[in-house]
Amino acid sequence: MSRRTRWNGAALAVVMGGTLAAGCGAPGGDAPQPEAPSATLATAPTCGTAPVTLNAYVETGFPLPKELSSEFSKQHPNVKWNIREDQFAVITQNAPRVLADDPPDLMRLPQVSELVKNNLLKNLDGYAKAFGWDSWPASQLEQMRMTPGGKTRGEGSLYAMGLNFSMTGVFYNKKLAAKIGMSSPPATLAELDDALAKAKSAGITPIAQFNGGATGGLAFPLQDLMAAYGPSGPINDWIYQKPGATIDTPSNLQATRHLEKWIKAGHFWKDVNAVDYATMMSRFIKGDGLFMFDGDWESGNLDKQMPGDVGFFLMPPAQQGGRQAAMSAPLAFGISSRAKNADCAAFFLNWVATDPKAREIGVKVGGSHPMGPADAPMPEVTKGTVTASTLEAGAKIAEDDGAMDFIANATGAIYAKSWTPQLQKLVAGQQTPEELLKSVQSDYTSQVGGS
Amino acid sequence: MTRPTPDSVVDPPATSPGPAAVTRKRGHARAAGLRTPRWVGWLFVAPALGVYAVFVLRPIALTVQYSMYRWDGIGPSTWAGLGNYARVFTDPDLYDSILNAVKLIVFFSVIPVVLGLMSASTIRRIAASRLALVGRTVLFLPQVIPLVAAGIAWSWLLSSAGLVNQLLTSVGLGGVARAWLGDFSTALPAVGVIGAWVLLGLCTILLLSGMSKIDPALYEAARMDGAGPLREFLSITVPSLRQEIGVCVTVTVIAALASFDIVYVSTQGGPGNATMVPGLEIYYLAFSERQVGIASALAVVLMVLVLVVALPIQWLTKDRSS
């Protein structure tokens, strides 16, 4: 091959590649335009009587949406479903593209701010008014509200709706608790510390938790400790990206130091940095671990796997009788701004919260508190089950106004890229509590201000 | 956004077949005294060239274009010039991932090639026995298993209660037992071991087939001159396998630099970024942080890095006798 022909080839490649890429101009700009403020609906929409097929995109491994959809079709036979399932991580990665290119009528949503910024989600204010969602307890919908342009969360228009809302706290193994003489759940942080120490000296792993891969589960106890040491409001402000919010506060530092103390005392498994969520669950169910910081989406499962042997309590406050807080988040579903059957989808969301049969499915299958008005009838739950105690905890949190979103949901990348590696370093003794909070805060600032 | 594949990265200079074909054809035609129009060669090449342009060149060009913008993948983008490249070289998270990939070369390249040479010559020595067949099959098996399955199997083996630790404990080495993939100091080597296991088979088979081409007379001559097995290996086998070794090193170095699957399945870059590699970082940047610009810039840097490493290897191991 002569030198000249080789150069011809290179030139050709450049020209062809350039031609194919040029003519597109700057990338992007195919996102929908902002919607006009939604008109007030005269009457609440319905699914009508003509055949409708609702396109839904849901999380795989959780049977709730499917159970609800088939019950809905039973009551409204003209509605058929076309359901696509993916793992939550996949949904998170694909959400913007799916909403833009293949708009579903209903979709399980990850963190919504980026989606609202690009006008991918339907503004649900009109439906909220028509169905009366705005008379429900405000805290149920707060996390799904966004100011115009997706700048701040927690206020503004409604962009998603929950199928139910979950509650987190501490599960405990009653058999192991009896061994260390713990007859009732700890009422203060000091009592919890005491129980942890007793378990440790009795040769029981005090806390079953995961912290491996890209999901740092120590964020669960960390946020609970934050809420025990300080008020939950500023934590929510940080998650909602309110201007000037910071995670690097004195009370959060106390909380992080407390977590470090637990780590150094050996309260977690030695290989916690290699334990993923599924491994944690199977070990806890096998009886390895006294406490586990997790959410009520597992209560149905635990009632089935360890009937009668599991209890649940909310993270105890630092002082006796103090206000309690918990991570609590709606199982958020949204409607694409380009959805074909938005009215029917909204009708379905309202049905999930108000239809007695749907509420029952929500509790039995989903294990969590249904959405809806405060005085809506609650489905019967067997006394003494974990499900019963997680539902009770929900009432306590509502009373203390202690619902927080999860610190991992502050931005799209904060969990995988900041909390997880930082917490893994804390476990390995390669990070200090001070630097951990500083580092997360600086990542947060660059993500919130940067993109 | 594209991840450079071995073909797209190594081949462009070698597979721009258009002009080469034309030159050859013209030379031929002149010799035969026939006049074939210049463009006929292009006609034959066109389909392949079209596919190549659409699926290889265009994505590369688009990636280069995206790397100059700040873009979330959906909304409007803003021009960033070379700012994204500056970030790649100044953000410790990003260049650390490149360093990790370079470290992986030891496991993905050096170990498989060295062990591959040893096992290939051993298998060749016992070629007639049934053991050789078993050895070949066992060593090549990892190539048949999907990388994801290999990653899952290995993460079980390497877990704190896994087979590796059980074996260590049973021989009295319980003290070193640990969660290999969850420990900051051992996670990257552990990922490297998985890679070495996967690539050893490929190298062995490639080298073995190269060995079958070596003229037996050379060995005979060497033996007459009193050469032992080691001398034979160093003076005949290794030099004769120059090209095969070149291919092995190229393929495995690219596998190390562009690694993704094994890391994604076994550690997802953890603990604390200890096993973060550029391929995974690009994926996180593009799909979780939605910074398509920086992801593209890192992808371009990775592509250039692969070229910078792979081209000299190609040149060094080229067979100059022909």
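Which residue pairs have Cβ atoms closer than 7 Å, lie 6 or more positions apart in sequence or on different chains, and pair a first residue in region A:254-275 that is assigned to a loop (DSSP other than H, G, I, E, B) with a second residue that is among the aliphatic types (A, V, I, L, M)?
A:HIS267/A:LEU196; A:HIS267/A:ILE207; A:PHE268/A:ILE207; A:TRP269/A:VAL275; A:ASP271/B:ALA179
Okay, residues lined up against (1) open to solvent by 80 Å² or more (accessible area, probe 1.4 Å); (2) more than 14 Å from every other protein chain (Cβ to nearest Cβ):
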| residue | (1), (2) |
| --- | --- |
| B:ASN84 | no, no |
| B:LYS103 | yes, yes |
| B:VAL113 | no, yes |
| B:GLY116 | no, yes |
| B:THR122 | no, yes |
| B:ALA128 | yes, yes |
| B:ALA132 | no, yes |
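In the set A:ASN252, A:ASN301, which member is at pLDDT below 95 and under 25 Å from A:PRO110 (Cβ atoms)?
Criteria check complete, one pass: A:ASN301.
Touching a Pro at 6+ places or on another chain (Cβ under 8 Å) and open to solvent by 10 Å² or more (accessible area, probe 1.4 Å), is that true of A:ALA278?
No.
Go through the residues of region A:102-112 one by one and say whether even a single one is within 14 Å of chain B (Cβ to nearest Cβ), more than 18 Å from the chain's Cα centre (by Cα), in a helix (DSSP H, G or I) and not hydrophobic (A, V, I, L, M, F, W, C).
No, region A:102-112 has no match at all.
Of the residues that make up region B:253-268, is at least one touching a Lys or Arg at 6+ places or on another chain (Cβ under 8 Å), under 22 Å from B:MET118 (Cβ atoms) and touching a residue at least 12 places away in the same chain (Cβ under 8 Å)?
Scanning region B:253-268 turns up no residue that is touching a Lys or Arg at 6+ places or on another chain (Cβ under 8 Å), under 22 Å from B:MET118 (Cβ atoms) and touching a residue at least 12 places away in the same chain (Cβ under 8 Å).
If the requirement is being surrounded by 22 or more Cβ atoms within 10 Å (Cβ to Cβ), more than 14 Å from chain B (Cβ to nearest Cβ), modelled with pLDDT of 85 or more and over 25 Å from A:GLU67 (Cα atoms), which of these qualifies: A:MET327, A:MET371?
Result: A:MET327 is the single residue among A:MET327, A:MET371 that is surrounded by 22 or more Cβ atoms within 10 Å (Cβ to Cβ), more than 14 Å from chain B (Cβ to nearest Cβ), modelled with pLDDT of 85 or more and over 25 Å from A:GLU67 (Cα atoms).
Contact list please: Cβ distance under 9 Å, first residue in region B:64-75 and at the interface with another protein chain (Cβ under 7 Å from one of its Cβ atoms), second residue surrounded by fewer than 20 Cβ atoms within 10 Å (Cβ to Cβ) and of a type in the set (Ser, Thr, Tyr), pairs at least six apart or on different chains.
From region B:64-75, the pairs are B:TYR69/B:THR78; B:TRP71/B:THR78; B:ASP72/A:SER451.
For the condition more than 14 Å from chain B (Cβ to nearest Cβ), of a type in the set (Ser, Thr, Tyr), over 21 Å from A:PRO234 (Cα atoms) and surrounded by 22 or more Cβ atoms within 10 Å (Cβ to Cβ), what is the one hit in A:THR420, A:THR390, A:THR382, A:THR354?
Residue meeting the stated conditions: A:THR390.
Can you list residue pairs whose Cβ atoms sit under 7 Å apart, with the first residue in region A:423-451 being in contact (Cβ under 8 Å) with a residue 12 or more places away in the chain and not assigned by TED's automatic domain parsing to the domain that holds A:ILE263 and the second being open to solvent by 60 Å² or more (accessible area, probe 1.4 Å) and not hydrophobic (A, V, I, L, M, F, W, C)? Count only pairs 6 or more apart in sequence or on different chains.
none
Hey, can you tell me all the residues within region A:151-189 that are over 16 Å from A:ALA326 (Cα atoms), of a type in the set (Gly, Ala, Ser) and under 18 Å from the mean Cα position of the chain (by Cα)?
A:GLY154, A:ALA160, A:GLY162
Among the candidates B:THR63, B:THR90, which residue alone is surrounded by 17 or more Cβ atoms within 10 Å (Cβ to Cβ) and modelled with pLDDT of 90 or more?
Exactly one of B:THR63, B:THR90 is surrounded by 17 or more Cβ atoms within 10 Å (Cβ to Cβ) and modelled with pLDDT of 90 or more, namely B:THR63.
Report whether or not A:LEU106 is modelled with pLDDT of 90 or more and either aromatic (Phe, Trp, Tyr) or open to solvent by less than 40 Å² (accessible area, probe 1.4 Å) (or both).
So A:LEU106 fits the description; yes.
The conditions are (1) open to solvent by less than 30 Å² (accessible area, probe 1.4 Å); (2) under 20 Å from A:GLY429 (Cβ atoms), and B:LEU207 fails exactly one of them. Which is it?
The number of the failed condition is (2).
What pairs can you find where one residue is in region B:36-58 and within 14 Å of chain A (Cβ to nearest Cβ) and under 22 Å from B:VAL300 (Cα atoms), the other is surrounded by 12 or more Cβ atoms within 10 Å (Cβ to Cβ) and of a type in the set (Ser, Thr, Tyr), and their Cβ atoms are less than 6 Å apart, with a gap of 6+ or different chains?
B:VAL56/B:SER8
Being within 15 Å of B:VAL114 (Cβ to Cβ) and either assigned by TED's automatic domain parsing to the domain that holds B:LEU311 or touching a residue at least 40 places away in the same chain (Cβ under 8 Å) (or both): is that true of B:THR186 here?
Spelling it out, it is not the case that B:THR186 is within 15 Å of B:VAL114 (Cβ to Cβ) and either assigned by TED's automatic domain parsing to the domain that holds B:LEU311 or touching a residue at least 40 places away in the same chain (Cβ under 8 Å) (or both).
The values are calculated or read from the model by the stated rules, or taken from the named source; none is laboratory data. Remember, predicted model here, so these are calculated numbers, not experimental data. Glycine gets a Cβ as well: all are built from the backbone with ideal geometry, and neighbour counts include every protein chain shown. In case anyone asks, the SASA skips ligands and DNA or RNA and just uses the protein heavy atoms, side chains included. Shrake-Rupley method; radii C 1.70, N 1.55, O 1.52, S 1.80 Å.
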